[in-house]
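Below you'll find the structure, written out as structure tokens, and then a few comments.
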Amino acid sequence: HGENDTTRYATSKDGIAFEYGGVALDRDRFRAFTGIDSRVFYAKVFRHDSPSGRGRYTMLFMASYYVEAPPADLNTQGLYVAWSHDARTWRVDPDAILLKSELGPNEYVCSPCLFSFGNRHDVLYHRDRSDPNVAGGGLTDVFRVEVNAELKRTGAQEEVCPRQAFGDGNERVGDPCVFVEGDHVYLFVSVGPRLHQRIGLATTSIGAWVRANRSIPERVDE
């Protein structure tokens, strides 16, 4: 995203050199599917087959209705899903995964990431609590919700990686990105105040993730 109203895409054959492709999703297209006038940003795309045939690719993104002065309809801020057969043309699911109404009055969610292992699927994201007494403007931790294969939410919110994993004084851990290699789960995150972050890595065993306690950090690095 650049101007926040529009999410764009680029293509590559080698993952190094990219060519601009066009608009993937914007305010007008989101409104056409949901009836909501909202910005669309912080998107990630994953190869994931919909069992009902809605698409071979899924896009997870944040939508946020915004006006310069209150009252803003904060219930439209949340995490949404779009589907595509070619990763270029997208259809938005009007049912949100998570809405602002399910959070506290000064909280929002952002930067969703799909993590699938076996037959279980989780959407990871960061949950930000605004606080004027904090130097960086807020406190942020990484959470998850379980979804089914159609990416419909089935579980409650659970904390995955607290900000304190990277130090008792750390104010922010966000923008989760998950990989599995061998028998380990690797969670890459941004650490520290917004626009002044470092890259952090938290790891756990796949066995620990599969068990009821799905907390990522066994070891952390920056």
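The values are calculated or read from the model by the stated rules, or taken from the named source; none is laboratory data. What you see is a predicted model; the values in this text were computed from it and never measured. Virtual Cβ from ideal backbone geometry, glycine too; neighbours counted across all protein chains shown. Surface accessibility is based on the protein's heavy atoms, side chains included, excluding ligands, DNA and RNA. Shrake-Rupley method; radii C 1.70, N 1.55, O 1.52, S 1.80 Å.
Rounded to the nearest percent, how much of the accessible area of the range 103-147 (1.4 Å probe, protein heavy atoms only) is carbon and sulfur?
Roughly 46 percent, rounded to a whole number.
If I build a Gaussian network model for the chain, linking alpha-carbon pairs within less than 10 angstrom, which residue out of ALA208, ALA63, ALA43 has the largest mean-square fluctuation?
Its mean-square fluctuation being the largest, the pick is ALA208.
For the charge dipole of the chain, defined by +1 on Lys and Arg C-beta atoms and -1 on Asp and Glu C-beta atoms about the Cα centroid, which residue among GLY169, HIS48, TYR65 has the Cα displaced farthest towards the positive pole?
After comparing all options, I get HIS48.
Give me the log10 of I(q) over I(0) for the range 92-155 at q = 0.23 Å⁻¹, as the Debye formula computes it from C-alpha points; what are the numbers?
The computed values of log10 I(q)/I(0) come out as -0.98.
With Cβ to Cβ distances under 15 Å as the rule, what net charge do the other residues near GLY182 carry (K, R +1; D, E -1)?
Around GLY182, the charge tally is -2.
May I ask you to compute the full-extension gain from ARG211 to ALA149, defined as 0.36 nm times their residue separation minus their alpha-carbon distance, rounded to one decimal in nm?
Length difference between fully extended and current span is 20.4 nm.
Set the Förster distance to 45 Å, then compute FRET efficiency between SER52 and HIS196 from the Cβ-Cβ distance, nearest 0.05.
With a Förster radius of 45 Å, E is 0.55.
Tell me which trypsin sites (Lys or Arg not before Pro) from the range 100-171 have a DSSP coil assignment and no more than 13 other beta carbons within 10 Å of their own.
The qualifying sites are LYS152.
Quick check on the chain: helices-only [θ] at 222 nm, where DSSP H runs of length 4 and up contribute -39,500 (n - 2.57) each and the sum goes over total residues. Nearest 500, please.
-1500 deg cm²/dmol
Can you return the lysines within cross-link range of LYS152? Criterion is Cα-Cα under 19 Å, with same-chain partners fewer than 8 residues away left out.
LYS44, LYS100
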